[in-house]
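*Asks:* Before we start, here is the structure in question, set down as structure tokens.
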Amino acid sequence: MPEVIFNGPAGRIEARYHENKTPNSPIAILLHPHPQFGGTMNNPIVHALYYAFAQRDFSVLRFNFRGVGRSQGMYDNGAGELSDAAAALDWLQTFNKDARTCWIAGVSFGAWISMQLLMRRPEIDGFLSICPMANHYDFSFLAPCPASGLFVHGNNDSVTPLEDVNKLVERLKTQKGIIIDNEVIDGANHFFEGKLEELMGVTIDYLDARLKSDGKV
């Protein structure tokens, strides 16, 4: 789990990088929850996803948004954080020019940023959107959503009610050419406390199935 530092638009960005040395191995980047509410790249969900991707032979990067940990800069209401995510993907691609597939995963605030990056980077083939804050942020930019992916939410989430996420998913499901999956974890709150194992079971099953069906394993 080597620590890496790379240049972002607001200064250096602190990250952790797992490199798979197999030629054309897949890549993934992970985006953490809200910087002003304790979100870091060491969030338990982000941490677990990091190892899940690594165990599937991905080269995977998790990083701290500007102003978090040793990343320079200040919180920028999403615009700067989107630029940070783009810089992270650029950095990852520099060392993995022949990656056969590219994934992105985001948690809470990170899910909102990840979906914006998805719209801007056609090389992203799939996504995992964990507890997206569909009642706090505007997701109307997903018109249309350019890739298939998975939304996961808890039915005891007091930050973003389940119905708000369901409305977003149903809107995206009307689009042709993509498949949006939606899983609800019974009894889970916004950060899946006590439900992390169940969350990871759902996300890993989805990822494995997608990689197999897409021929990327």
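The values are calculated or read from the model by the stated rules, or taken from the named source; none is laboratory data. The structure presented is a predicted model; accordingly, all values stated were derived computationally and were not measured. A quick note on method: Cβ atoms are made from the backbone with ideal geometry, for glycine too, and the neighbour counts reach across all protein chains shown.
*Asks:* Within the set of pairs 6+ apart or on separate chains, which have a first residue in the range 123-149 that is closer than 24 Å to Leu49 by Cα, a second that is of a type in the set (Asp, Glu) and in a strand (DSSP E or B), and C-beta atoms under 9 Å apart?
*Replies:* Every condition considered, the pairs that remain are Ser148/Asp181; Gly149/Asp181.
*Asks:* So, one more: Being among the hydrophobic types (A, V, I, L, M, F, W, C), crowded, with 24+ Cβ neighbours inside 10 Å and in contact (Cβ under 8 Å) with a residue 60 or more places away in the chain narrows it down to one of Ala52, Ala15, so name that one.
*Replies:* Result: Ala15 is the single residue among Ala52, Ala15 that is among the hydrophobic types (A, V, I, L, M, F, W, C), crowded, with 24+ Cβ neighbours inside 10 Å and in contact (Cβ under 8 Å) with a residue 60 or more places away in the chain.
*Asks:* How about the range 147-169: which of its residues are touching a Pro at 6+ places or on another chain (Cβ under 8 Å) and either assigned to a loop (DSSP other than H, G, I, E, B) or hydrophobic (A, V, I, L, M, F, W, C) (or both)?
*Replies:* Phe151, Thr160, Val165, Leu168
*Asks:* Could I ask something else about it? Can you pull out every residue in the range 95-127 that is in contact with a Cys (Cβ under 7 Å, 6 or more places away or on another chain) and not hydrophobic (A, V, I, L, M, F, W, C)?
*Replies:* Within the range 95-127, Ser108, Glu123, Asp125 meet the criteria.
*Asks:* Looking only at residues that are part of a helix (DSSP H, G or I) and among the acidic types (Asp, Glu) in the range 170-209, which one is surrounded by the fewest Cβ atoms within 10 Å (Cβ to Cβ)?
*Replies:* Residue satisfying both the conditions and the ranking: Glu197.
*Asks:* Right, next: Name the single residue that is modelled with the lowest pLDDT among those in the range 134-146 being among the aliphatic types (A, V, I, L, M) and surrounded by fewer than 21 Cβ atoms within 10 Å (Cβ to Cβ).
*Replies:* Checked the range 134-146; the qualifying residue modelled with the lowest pLDDT is Ala143.
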